[in-house]
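Okay, so here's the structure we're looking at.
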């Protein structure tokens, strides 16, 4: 499943770069969790969670970013900002890029500002 996740992260990264965002980091790991992509959108720092679900039997991919997962992402983002203080004054947002469905009929959704840090 990790290989599939890496493929979707790469796909999302390319799509976001084509939309004008700049990649700063990939797979930034902390003890709280991992940030899939850290990107810049103009003057805004964007922490991107990439999700894939083949089937919606347990909800769509975006719905899998639960409040508990959001809390872990916020902690990981705070860690990233602490490690990269030159970015700490930028506005931040949390986006979710989700892919749903079988590979031959996949649907992408980009939720800008999917949740707030507080």
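A short reminder: the numbers here are calculations on the coordinates, not readings from a lab. Given the structure is predicted, the values throughout are model-derived calculations rather than measurements. Cβ: placed from backbone, ideal geometry, glycine included. Neighbour counts: every protein chain shown.
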* To do: Select from 72, 31, 51 the residue whose mean-square fluctuation is largest in a Gaussian network model of the chain (Cα-Cα springs shorter than 10 Å).
  => 31
* Structure fact -> Taking 74, 106 and counting other beta carbon atoms within 10 angstrom, the fewest-first order is 106, 74
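Cut-off is 10 Å between beta-carbons; in what order do 64, 55, 98 appear when sorted fewest neighbours first?
With the sparsest Cβ surroundings first, the list reads 55, 64, 98.
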* Structure fact -> Contour minus Cα-Cα span, residue 31 to residue 78, at 0.36 nm per residue, comes to 15.7 nm
* What spacing in nm lies between the two simple spin-label points modelled at residue 87 and residue 54, each 7 Å away from Cα in the Cβ direction? -> 3.3 nm
* Structure fact -> Rounded to one decimal in Å, the inverse mean reciprocal Cα-Cα distance for the range 2-118, i.e. its Kirkwood radius, is 14.4 Å
* Asked: From the Cα gyration tensor of the range 47-113, with a ≥ b ≥ c the square roots of its eigenvalues, which class applies: rounded if a/c is under 1.5, or else prolate if a/b is larger than b/c, or else oblate?
  -> prolate
* **Using alpha-carbon coordinates, inclination of helix 67-83 to the longest axis of the chain, degrees** => 40 degrees
* Structure fact -> Under the helix-only model (-39500 (n - 2.57) for each DSSP H run of 4 or more, divided by the residues of the chain), the mean residue ellipticity at 222 nm, to 500 deg cm²/dmol, is -9500 deg cm²/dmol
